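Any read-out appearing in this document is the output of simple, stated calculations on the displayed coordinates, not a laboratory observation. Since the model is a prediction, treat every value here as computed from it, not as a measurement. For neighbour counting, all protein chains shown are included, and Cβ atoms are generated from backbone atoms with ideal geometry for every residue, glycine included.
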């Protein structure tokens, strides 16, 4: 009897543990966060072993930010080479890191898009996006108009999958440029400075594309208490 | 007689060394590069300005790289959990590098203030076709318009001053984030967004200035010289 009780308690404990583990919410903060709420299910929690839309966003954002951090270190090394000389070995290490992280970001973006394509929208959230005042939001926050236009272009139609598609497309373009830079560094030459300028701009524009989407989602969702209650907003 | 000859040779040698040192080409590439070229032929000051531009850009880029790593950890905390000790270390580096960038830009601003402009190059800035340049290179309009405001008036010192001011503003916000992290509290996401915006705006601002300078000095080749 005592043994039976122990087993029962153990089962309950394991059950609670498993339930708690699967109920851990994973929300991205910086890049495209809260956009998972535009779909059915994932905003409330991921209840399966498979990664949810929210998980893929966190993963892709994490790798993208890391790659962006790497490329800034690369630029710093190029900049400082005027004083300290060029260390191609160091430059190679940095650019390989940037490429590796961007490859992973691209893969996560691809999985994210696939998952989103196979998941129906949450019509309540889409309606919030359709009625959102994009112009006022951009002006009030002083967001970069050219980049915000891209975000608005998709979200005003409730096309969240389109944002993911664009993030993927941009990641591919950045990756192509990184490989072009790698070719130069592998041959112990510095690439044309304009190549570095353009890739830097691409990183920043892609980062803001994700960040502005996150900002819109956060505000749009916050007006609906039923949806907002399901998310633990970080202020 | 021999002593006199040796003295002359020595003087010529030292003269060559000094000339070579002052003519040493050290150009910043990424932020505000060639900005020093817009000033008159005071080689000593120009050399200092180049060094400050490189130093400022180097520290600024490093600080932004640190900050993006910080954002990476914040983002990944949703999957891996949050490690405040690691966040503190990364943020400390971002602050240190930004403080150094701000100091370098302060020195740059002071040196530029004491150095006269090269009027020929200023004239090139005054007559430069900014709108065409922005379109042809696909530069971000919102950021480029600020560069245009300064450079169409030939106000290169204003660019340096803006770089120093922005560095100061970023530094203030980094300290705000530090206050949260120091008490193991998650920082306000909207502050993280705003700091990110200021960093990238400032880098693009400096980069676009560099692109314009490069264009007026070397033509529209955009090549690394």
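Distance in nm between label sites at residue A:149 and residue A:176, each 7 Å beyond Cα in the beta-carbon direction?
The modelled label-to-label distance comes out at 2.2 nm.
How many partner chain Cβ atoms sit within 10 Å of a residue's Cβ in peptide B:76-83, on average, as a whole number?
Numbers: counts 10, 4, 14, 9, 2, 1, 0, 0.
Mean shielding count: 5.
Taking the highest mean first, how do the peptides B:186-193, A:197-204, B:202-209, B:164-171 order by number of other beta carbon atoms within 10 angstrom per residue? Please report the intermediate quantities before stating the final value.
Working: B:186-193: 17.5, A:197-204: 21.6, B:202-209: 25.0, B:164-171: 19.1.
Highest mean packing first, the order is B:202-209, A:197-204, B:164-171, B:186-193.
If you count, for every residue in B:200-213, the Cβ atoms of partner chains within 10 Å of its Cβ, what is the mean?
Values: counts 10, 4, 0, 6, 6, 0, 0, 8, 2, 0, 2, 3, 0, 0.
Going residue by residue through B:200-213 and averaging, the value is 3.
Any idea how far the Cα center of segment B:162-207 sits from the one of segment A:49-96, in Å?
Value for the Cα centre distance between the two parts: 20 Å.
Using per-residue counts of other Cβ atoms within 10 Å, averaged over each peptide, order A:92-99, B:133-140, A:209-216 from highest down.
Working: A:92-99: 19.1, B:133-140: 16.8, A:209-216: 25.2.
The most tightly packed comes first, giving A:209-216, A:92-99, B:133-140.
Considering every residue in B:54-65, what mean count of other chain Cβ atoms within 10 Å of its Cβ is obtained?
Details: counts 6, 3, 1, 6, 10, 3, 4, 11, 7, 2, 7, 10.
Rounded to a whole number, the mean comes out at 6.
Round to the nearest 0.05 the FRET efficiency obtained for residue A:186 and residue B:88 when R0 = 41 Å and r is the Cβ-Cβ distance.
Numbers: r = 37 Å, r/R0 = 0.90.
According to the calculation, E is roughly 0.65.
How do the peptides A:100-112, B:62-74, B:106-118 rank, highest first, by the average count of neighbouring beta carbon atoms within 10 Å per residue?
Details: A:100-112: 21.1, B:62-74: 25.2, B:106-118: 17.7.
Top of the packing list down: B:62-74, A:100-112, B:106-118.
To two decimal places, what compactness ratio does segment A:27-228 give when its Cα radius of gyration is scaled by 2.2 N^0.38 Å? The partial results should precede the final answer.
Details: Rg = 18.5 Å, N = 202, 2.2 N^0.38 = 16.5 Å.
Ratio of Rg to 2.2 N^0.38 Å for segment A:27-228: 1.12.
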